[in-house]
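Student: Pasting a structure here, questions to come.
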Amino acid sequence: MLRKPLLSLLLLLGAPVLFGACSDSDDEKTGSAALIIDRESLDYGELEVGKTSPEQLFTIRNASPAAVESVSMSIDGQGFTITANTCERYLDAGMECEVRVKFTPKVAGAHEARLKVDGAPAVDQTVLKGMAVTSVEVASMPAGVRVVAGDDEWSCDQPCTMAVRTPELILRTAPGGYPIWDGACDTAPNNGCRLRMDGPKRVSVKSFSPLFQWEVRRASEPLNVASAPNGDILVLDSTTLTRLSSTGQELWTRSVPGASEMAVDGAGNVYLMDFAGRVTRRAADGQELWSHTPEGESLSAHSLVASASGHVYALVGLGSFETTRLFKLVSLTPEGTERWNVLFNDGERNYPTGLGVDPDGRVFVSGNTYIRGEAPGEFIFLKGYYQKFTTEGARVWATDSSWYEFVISPTGETSSFISVPGSVPAPGGFTHYWLGTDGKLQWSASSSSGPGIVLAQAFSSTGTLLIGGYEAIANSSNAARGWFSLMNLQTRTPGPVTYVEVAGGAGTRVSHVAFTSTGKVVVSGGGNPGTTGGFIRQYDARVLTGN
């Protein structure tokens with residue numbers, strides 16, 4: 001054990017030396033002992049993970065006239081190792097011992113530990129620091145895809161090797177989407193690769209499916225959007241009908257002035273209804289094949305639906321606001337022949353509130369009836385109703401409730417939403433109503449804290465419910481962002497929400513949603529009232545589940 005007289009050192013330094021009486025008590029000697037390390041801190045600098053730094057020497061002095069019976073050295077922290085140690089057990093007063101420490105990082109990042117000496121009431125410690133570095137090699141990625149580290153710490157759009165100074169690194173792709181990783185990330189989930197940086201890593205992106213696949217901008221917000229059986233997208237604008245491919249390419253456009261409603265059956269037949277109630281069928285190339293105008297005066301269009309098997313139903317209004325107003329449900333064959341009709345005439349004012357059809361062609365109609373009041377222009381609510389009809393026009397059941405803008409599930413249940421933008425804080429909320437196959441309410445669930453107002457809903461062929469709408473701006477009728485989400489019918493709450501914003505910052509509304517036959521999600525919409533322009537977007541369906 002190395003020993004140097006402390007008295008000689010103090011005399012050399014010119015320090016005053018005081019001599020006094022010393023007690024022979026062991027407790028007093030031990031109590032006055034002090035162990036001191038010769039430096040307060042040491043930075044080992046930067047070192048590659050897995051390497052070992054040169055040893056550094058530390059001297060420990062018993063800076064007191066009392067002996068220390070048992071000296072011990074330890075390191076509190078990771079990445080540093082004691083390689084040699086003469087500071088063991090007894091250290092006489094004024095004597096020194098030595099310890100050697102090296103930096104041995106096993107993972108990247110800033111390391112800090114404490115070299116501690118124990119054995120006396122007054123002991124010392126030294127701060128040890130070091131930075132461990134390793135690397136990530138991004139070997140390859142598809143064209144147009146970047147690999148991004150963390151929160152845009154760095155990115156590569158071509159093969160690169162980057163230094164890493166953090167113990168953990170998360171890699172993702174930009175734009176957002178669903179990559180298939182390889183190398184050190186081969187077991188990573190689609191939404192990101194988490195690496196423990198305990199040495200050099202090599203990764204690559206084998207393939208990539210973008211989250212947001214394409215967008216088509218329109219001069220105005222589409223009136224309706226529907227999916228054809230082959231994955232093509234049909235778009236009804238104010239004066240045109242357009243067919244887009246599954247990749248967003250325009251296949252054709254036809255002029256359809258006055259058209260306000262659109263439906264597509266399971267064979268891909270397209271049906272349109274204009275403002276005057278005239279129904280037309282168009283071929284796959286957009287050419288008109290036939291038209292049918294229901295009988296009646298002062299006709300006006302309300303809704304049009306078609307079942308997968310080709311049953312077509314048109315809901316039209318008859319009469320004017322000055323006289324008695326009725327509405328009529330008309331059933332048409334795919335060839336344009338009227339099969340049957342039902343007239344709704346329960347009062348002086350009859351207003352339809354919704355029309356739906358199930359896959360087998362059974363049709364659902366909802367409406368309200370009003371009677372004239374005593375004051376001029378006054379009308380008093382009489383009753384609401386919800387009715388189901390067979391494909392032959394026979395009424396199956398009727399209830400005394402009315403439902404707005406509902407949709408029918410593949411198994412015959414009804415989904416309806418009522419949004420409440422004015423009575424809740426932004427971004428708005430809604431109440432979801434779920435009716436059984438008998439038309440009776442099974443449950444309702446309210447959401448007052450978002451994601452916002454519901455404008456659209458659609459079922460997939462397997463019964464998955466897609467909803468969409470917009471975030472309301474507080475104390476305003478305008479929208480902030482559009483959004484869409486799956487509705488979890490077990491928890492009765494929306495799932496992961498995807499937000500939609502368009503260039504210009506004028507607010508966005510999602511007004512139509514649809515599933516394609518190829519498993520994609522299509523949303524369309526526009527901006528706030530008074531703005532121009534609309535959009536159609538297609539997303540990978542995995543956006544709905546977040547993985």
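The values are calculated or read from the model by the stated rules, or taken from the named source; none is laboratory data. Remember, predicted model here, so these are calculated numbers, not experimental data. Backbone-built Cβ (ideal geometry, glycine too); neighbour counts: all protein chains shown.
Student: Taking the residues in region 260-287 that are small (G, A, S) and under 35 Å from the mean Cα position of the chain (by Cα) as candidates, determine which candidate is surrounded by the most Cβ atoms within 10 Å (Cβ to Cβ).
Tutor: Restricting attention to region 260-287, the residues satisfying the condition of being small (G, A, S) are 260, 263, 266-268, 276-277, 283-284, 286.
Add one more test, that the residue is under 35 Å from the mean Cα position of the chain (by Cα), and what stays is 260, 263, 266-268.
On the way: S260: 20, A263: 23, G266: 14, A267: 13, G268: 15.
The extreme case among them is A263.
Student: Examine region 314-323 for a residue that is over 18 Å from V513 (Cα atoms), touching a Lys or Arg at 6+ places or on another chain (Cβ under 7 Å) and of a type outside the set (A, V, I, L, M, F, W, C), and state whether such a residue exists. It would help to see each step written out before you state the result.
Tutor: Keep residues of region 314-323 that are over 18 Å from V513 (Cα atoms), which gives 314-323.
Still in the list and also touching a Lys or Arg at 6+ places or on another chain (Cβ under 7 Å): 316-319.
Now drop any that are not of a type outside the set (A, V, I, L, M, F, W, C), which leaves 317, 319.
Within region 314-323 (the criterion being over 18 Å from V513 (Cα atoms), touching a Lys or Arg at 6+ places or on another chain (Cβ under 7 Å) and of a type outside the set (A, V, I, L, M, F, W, C)), the answer is yes, since at least one residue qualifies.
Student: Within region 191-237, track down each residue that is of a type in the set (F, W, Y) and either within 30 Å of T166 (Cα to Cα) or not in a strand (DSSP E or B) (or both).
Tutor: Let us first name the residues in region 191-237 that are of a type in the set (F, W, Y), namely 208, 212, 214.
Across region 191-237, the qualifying residue is only F208.
Student: Where the second residue is of a type in the set (S, T, N, Q) and the first is farther than 13 Å from K116 by Cβ and lies in region 72-88, which pairs have Cβ atoms under 8 Å and are six or more apart or on separate chains?
Tutor: G79/T104; T81/T104; E88/S72
Student: Go through the residues of region 483-496 one by one and say whether even a single one is touching an Asp or Glu at 6+ places or on another chain (Cβ under 8 Å), in contact (Cβ under 8 Å) with a residue 40 or more places away in the chain, crowded, with 22+ Cβ neighbours inside 10 Å and within 26 Å of T414 (Cα to Cα). Outline the logic, then answer.
Tutor: Keep residues of region 483-496 that are touching an Asp or Glu at 6+ places or on another chain (Cβ under 8 Å), which gives 483.
Checking the rest, the ones that are also in contact (Cβ under 8 Å) with a residue 40 or more places away in the chain come to none.
Checked region 483-496: no residue is touching an Asp or Glu at 6+ places or on another chain (Cβ under 8 Å), in contact (Cβ under 8 Å) with a residue 40 or more places away in the chain, crowded, with 22+ Cβ neighbours inside 10 Å and within 26 Å of T414 (Cα to Cα).
Student: If a residue has to be over 19 Å from S41 (Cα atoms) and not aliphatic (A, V, I, L, M) to count, how many in region 88-105 make the cut? Lay out the reasoning, then the answer.
Tutor: Taking region 88-105 and keeping what is over 19 Å from S41 (Cα atoms), we get 88-95.
From the residues that got through so far, the ones that are not aliphatic (A, V, I, L, M) too are 88-90, 92, 94.
The qualifying residues number 5.
Student: Continuing with this model, one more query. Among R281, R254, which is the only one that is in contact with a Phe, Trp or Tyr (Cβ under 9 Å, 6 or more places away or on another chain), on the phi < 0 side of the Ramachandran plot and modelled with pLDDT of 95 or more? I'd like the intermediate steps shown before the answer.
Tutor: Numbers: R254 fails: in contact with a Phe, Trp or Tyr (Cβ under 9 Å, 6 or more places away or on another chain).
Result of the check over R281, R254: R281.
Student: Any idea which of (1) more than 26 Å from L329 (Cα to Cα); (2) buried (at least 18 other Cβ atoms within 10 Å of the Cβ); (3) touching a strand residue (DSSP E or B) at 6+ places or on another chain (Cβ under 6 Å) is the one Y433 doesn't satisfy?
Tutor: (1)
Student: Could you identify the single residue in T390, T399 that is surrounded by fewer than 21 Cβ atoms within 10 Å (Cβ to Cβ), at pLDDT 95 or above and closer than 23 Å to A301 by Cα? First the steps, then the outcome.
Tutor: Values: T399 fails: closer than 23 Å to A301 by Cα.
Every option except T390 fails the conditions.
Student: Has region 271-288 got any residue that is closer than 22 Å to L343 by Cβ, part of a strand (DSSP E or B), of a type in the set (A, V, I, L, M) and without any contact (Cβ under 8 Å) to a residue 60 or more places away in the chain?
Tutor: The first filter runs over region 271-288 and keeps only residues closer than 22 Å to L343 by Cβ, leaving 271, 273-279.
Next, from what is left, pick out any that are part of a strand (DSSP E or B): 271, 273-274, 279.
From what is left, the residues that are of a type in the set (A, V, I, L, M) are 273, 279.
Those left that are additionally without any contact (Cβ under 8 Å) to a residue 60 or more places away in the chain: 273, 279.
Yes, that holds for at least one residue.
Student: Give region 396-421 a look and list any residue that's free of Cβ contacts under 8 Å to residues at least 40 places away in the same chain and assigned to a strand (DSSP E or B), or say none.
Tutor: Here is the first cut: in region 396-421, the ones free of Cβ contacts under 8 Å to residues at least 40 places away in the same chain are 396, 400, 413, 418, 420.
The answer is V396, I418.
Student: So C185 clears everything in (1) in a strand (DSSP E or B); (2) under 26 Å from the mean Cα position of the chain (by Cα) except one condition, right? Which one?
Tutor: Only one criterion is unmet by C185, namely (1).
Student: Now for a separate question. Which residues, counting only those in region 514-544, are surrounded by fewer than 16 Cβ atoms within 10 Å (Cβ to Cβ) and either under 17 Å from S245 (Cβ atoms) or modelled with pLDDT of 85 or more (or both)?
Tutor: If the condition is that a residue be surrounded by fewer than 16 Cβ atoms within 10 Å (Cβ to Cβ) and either under 17 Å from S245 (Cβ atoms) or modelled with pLDDT of 85 or more (or both), then T518, G519, G533 are the ones that fit.
Student: All but one of (1) within 17 Å of R39 (Cα to Cα); (2) crowded, with 18+ Cβ neighbours inside 10 Å hold for E98; which doesn't?
Tutor: (2)
Student: Starting from residues that are surrounded by fewer than 19 Cβ atoms within 10 Å (Cβ to Cβ) and at positive phi, keep the ones in region 298-339 and report whichever is modelled with the highest pLDDT.
Tutor: Ranking the qualifying residues of region 298-339, first place goes to G336.
Student: Ok, one more. Name every residue in region 238-256 that is part of a loop (DSSP other than H, G, I, E, B) and closer than 23 Å to A267 by Cβ, in order of residue number.
Tutor: So the first thing to find is which residues in region 238-256 are part of a loop (DSSP other than H, G, I, E, B), and the list is 238-239, 245-249, 256.
S245, S246, T247, Q249, V256 - these are the residues of region 238-256 that are part of a loop (DSSP other than H, G, I, E, B) and closer than 23 Å to A267 by Cβ.
Student: Could you tell me whether D346 is exposed (fewer than 14 other Cβ atoms within 10 Å of the Cβ), charged (D, E, K, R) and not in a strand (DSSP E or B)? Lay out the reasoning, then the answer.
Tutor: Details: exposed (fewer than 14 other Cβ atoms within 10 Å of the Cβ): no; charged (D, E, K, R): yes; not in a strand (DSSP E or B): yes.
No; evaluated as a whole, the condition is false for this residue.
Student: Out of T437, T390, T399, T411, I need the residue that is more than 24 Å from G310 (Cα to Cα) and among the hydroxyl-bearing types (S, T, Y). Which one? Walk me through it before giving the result.
Tutor: Numbers: T437 fails: more than 24 Å from G310 (Cα to Cα); T390 fails: more than 24 Å from G310 (Cα to Cα); T411 fails: more than 24 Å from G310 (Cα to Cα).
Answer to the selection: T399.
Student: Can you name every one of the strands (runs of 3 or more DSSP E) wholly within region 83-157 that holds 1 or more residues which are small (G, A, S)? Break it down into steps so the answer makes sense when it comes.
Tutor: Details: elements: 89-91, 96-103, 109-118, 125-138, 146-149, 154-156.
Because the criterion is at least 1 residues that are small (G, A, S), the strands (runs of 3 or more DSSP E) in region 83-157 that meet it are 109-118, 125-138, 146-149, 154-156.
Student: Test of understanding: among K201, K206, which residue is under 30 Å from A149 (Cβ atoms), of a type in the set (D, E, K, R) and modelled with pLDDT of 95 or more?
Tutor: K201
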